[in-house]
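The next block holds one structure in the form of structure tokens; read it before the comments.
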Amino acid sequence: GGIEEKGKAENMLTGALKSLFAVAEAYPDLKANTNFLELQRELSDTENKIQAARRFYNTNVRDLNTAIGSFPGNVVADFFRFEPREFFELSESEQAARQPVAVKF
């Protein structure tokens, strides 16, 4: 579903970032380039935002599931056919996306 696709996309982003930083290691002049340093900062910021969004989503899923499972929320949930949602979790094969790319030069 949608969450699984987002997990795969996040894993692909992490892999791409690691490849980019590996290339940078091979070219010392690139490390000192102002534009590259700005890109590095932006990528690190983006990864932090992705992690924050995942935590925000999971908090809302937890709150929804709690409301659906307790009175009076369960009455409303039954009437409108609300169903519990799954947390956004990464599988073992997506281990790389669990930790942000180390951005260090």
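Assorted remarks:
- The residues neighbouring V23, those whose beta-carbon lies less than 14 Å from its own, together hold a net charge of 0 under the Lys/Arg +1, Asp/Glu -1 convention.
- Ordered from highest to lowest accessible area with the whole protein assembly present and a 1.4 Å probe, R62, R85 read as R85, R62.
- Gain in span if fully extended, S91 to V76, counting 0.36 nm per residue against the direct Cα distance: 2.1 nm
The values are calculated or read from the model by the stated rules, or taken from the named source; none is laboratory data. Here the structure is a predicted model, which is why all the values come from computation and not from measurement. Please note: Cβ atoms are built from the backbone with ideal geometry, for glycine as well, and neighbour counts cover all protein chains shown. Heavy atoms of the whole protein, side chains included, go into the accessibility calculation; ligands, DNA and RNA do not. Shrake-Rupley method; radii C 1.70, N 1.55, O 1.52, S 1.80 Å.
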